[in-house]
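I have placed the structure first, in the form of structure tokens, so that the comments after it can refer back to it.
The values are calculated or read from the model by the stated rules, or taken from the named source; none is laboratory data. On a predicted model such as this, the values are computed, not experimentally measured, just so you know. Counting neighbours? That spans all protein chains shown, and the Cβs are built from the backbone with ideal geometry, glycine included.
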Amino acid sequence: MNEHQEALAEQHASEKMGGTSPLSKALQNRRPDTAAIRPKDGAFRAYVPTFVNPLSLQGDDKLEPIVYGRNALNHIHTAWDAMNTTAKEVSDLGALARTLPKEVKRVADKARKDLENINVRVKNANDALTKSIGPAQPGVATEIRAVFRAMEGDTAKLAAVREAIANYDATTIRALISAPAMLSGLSPEVAAYAREQGELLIDTQSVNQRNASQDAYAALEKAITAFESEWAANFARWSPAASDDEKLAALMGKLNKKDDDNE
């Protein structure tokens, strides 16, 4: 019997008597150390949501509000990604809960200033559009609105609006959207269609600027809300609970206060 056979025989005899062979012991002890790869916080989301990605803001690259909005989103995305990386690397998440709230506030405050600037762009675009449409005019405009009031049913009025749009009839469209819809006898649905299409006909550039600004505002507002709420939840989980000493001190403080009140 060679050495290998002797080793196997020894292992078999050991296991038969209820013992554990050296090989079995070695296999039992050969367990991977998973402490380094287990998440320190199972609820931690280690990635930035896709809607915070600057490219999630769809639109014409030539429109300034789109470029501005993407830059604002990128500011949040960059900070969020860096904070995630740090959270995955450090061992003391409690330390992050003490130090990062100021950074979250700084990033969010900067983003809110960007929101204010985008809102100014919305207002400027609407002002330019209002100027292009002009105020309600007497004369021909009054007669046009009277013609629409005399039409029976929304179908006829909608067809007339579509014909004016197709013929680039800015005079008719201005008469309809520069005054309250009731003066033309338009239903809310027909009036909304006339305004939407009419604004594009009269001042396409201002409409595009306004719409792009509104899209940028909505995207950035959503990103700010998610950024703040996500990190607030992280900090709440990572902040150490009050120690027993702190709880006892709080209790003693309450008891002492009651004693003072009774004196």
TODO: Answer yes if at least one residue in the range 229-240 is more than 28 Å from the chain's Cα centre (by Cα) and either at pLDDT below 90 or buried (at least 18 other Cβ atoms within 10 Å of the Cβ) (or both), and no otherwise.
DONE: yes
Task: Complete set of residues in the range 42-65 that are acidic (Asp, Glu) and either modelled with pLDDT of 95 or more or under 19 Å from residue 221 (Cα atoms) (or both) - done: 64
Task: the range 42-76 - residue that is in a loop (DSSP other than H, G, I, E, B) and small (Gly, Ala, Ser) and, of those, surrounded by the most Cβ atoms within 10 Å (Cβ to Cβ) - done: 59
TODO: For residue 189, indicate whether it is more than 23 Å from residue 57 (Cα to Cα), of a type in the set (Asp, Glu) and within 39 Å of the chain's Cα centre (by Cα).
DONE: yes
Task: Candidate set from the range 131-167 (those that are farther than 22 Å from residue 188 by Cα and of a type outside the set (A, V, I, L, M)); member that is surrounded by the most Cβ atoms within 10 Å (Cβ to Cβ) - done: 132
Open item on the list: I'd like the residue in the range 113-130 that is surrounded by 17 or more Cβ atoms within 10 Å (Cβ to Cβ) and among the β-branched types (Val, Ile, Thr) and, out of all such residues, is farthest from the chain's Cα centre (by Cα).
Closed with: 122
TODO: Answer yes or no as to whether residue 223 is surrounded by 22 or more Cβ atoms within 10 Å (Cβ to Cβ), at pLDDT 95 or above, among the small types (Gly, Ala, Ser) and assigned to a helix (DSSP H, G or I).
DONE: yes
- [ ] Please determine, by comparing only the residues of the range 194-216 that are crowded, with 17+ Cβ neighbours inside 10 Å and among the hydroxyl-bearing types (Ser, Thr, Tyr), which one is nearest to the chain's Cα centre (by Cα).
- [x] 213
Open item on the list: Looking at the range 134-183 only, could you name the residues that are touching a residue at least 40 places away in the same chain (Cβ under 8 Å) and among the hydroxyl-bearing types (Ser, Thr, Tyr)?
Closed with: 178
- [ ] Could you list all residues from the range 170-209 that are touching an Asp or Glu at 6+ places or on another chain (Cβ under 9 Å) and within 23 Å of residue 120 (Cα to Cα)?
- [x] 206, 207, 208, 209
